[in-house]
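K.L.:
I'd like to ask you about the structure that follows.
The numbers here are math on the coordinates, done by the rules we state, and not lab data. Just so it is clear, the structure is predicted and the values come from calculations on it, not from any experiment. Here the Cβ positions follow ideal geometry from the backbone for every residue, glycine too, while neighbour counts run over all protein chains shown.
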Amino acid sequence: MRFMSMSVQLKVPSMVCGACVKTITAAITAHLPTATVSADLEHHLLTVTEATDPQQVKGWIEAAGHEVAVP
């Protein structure tokens, strides 16, 4: 039996440096410890594995002080 992990990708315009990634990652993993967070700073894209609800992840990012663009 194979289980596929889910992932969420969001555009975070305010994510511009490594410190931003660290803050966002901490906010997400505080709620979802098994998540893996990958950031593409050039394109302001954030990918979160083990997440299934984009709105929930968006809320965690916004609570950490960052904006999330509406697709």
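K.L.:
Just to be sure, is H66 buried (at least 19 other Cβ atoms within 10 Å of the Cβ) and not hydrophobic (A, V, I, L, M, F, W, C)?
P.N.:
yes
K.L.:
Take the residues in the range 51-71 that are under 22 Å from G18 (Cβ atoms) and of a type in the set (D, E, K, R), then tell me which one is nearest to the chain's Cα centre (by Cα).
P.N.:
Among those that are under 22 Å from G18 (Cβ atoms) and of a type in the set (D, E, K, R), it is K58.
K.L.:
Report, ordered by the first and then the second residue, all pairs with beta carbons closer than 9 Å, sequence separation of six or more or different chains, a first member in the range 4-25 that is among the charged types (D, E, K, R), and a second member that is part of a strand (DSSP E or B).
P.N.:
K11/L45; K11/L46
K.L.:
If I ask for residues that are touching a residue at least 40 places away in the same chain (Cβ under 8 Å), assigned to a helix (DSSP H, G or I) and surrounded by fewer than 18 Cβ atoms within 10 Å (Cβ to Cβ), which ones from the range 42-57 would you list?
P.N.:
P54
K.L.:
Out of the residues in the range 8-41 that are in a strand (DSSP E or B) and touching an Asp or Glu at 6+ places or on another chain (Cβ under 8 Å), state the one that is surrounded by the most Cβ atoms within 10 Å (Cβ to Cβ).
P.N.:
Across the range 8-41, the extreme among qualifying residues is V8.
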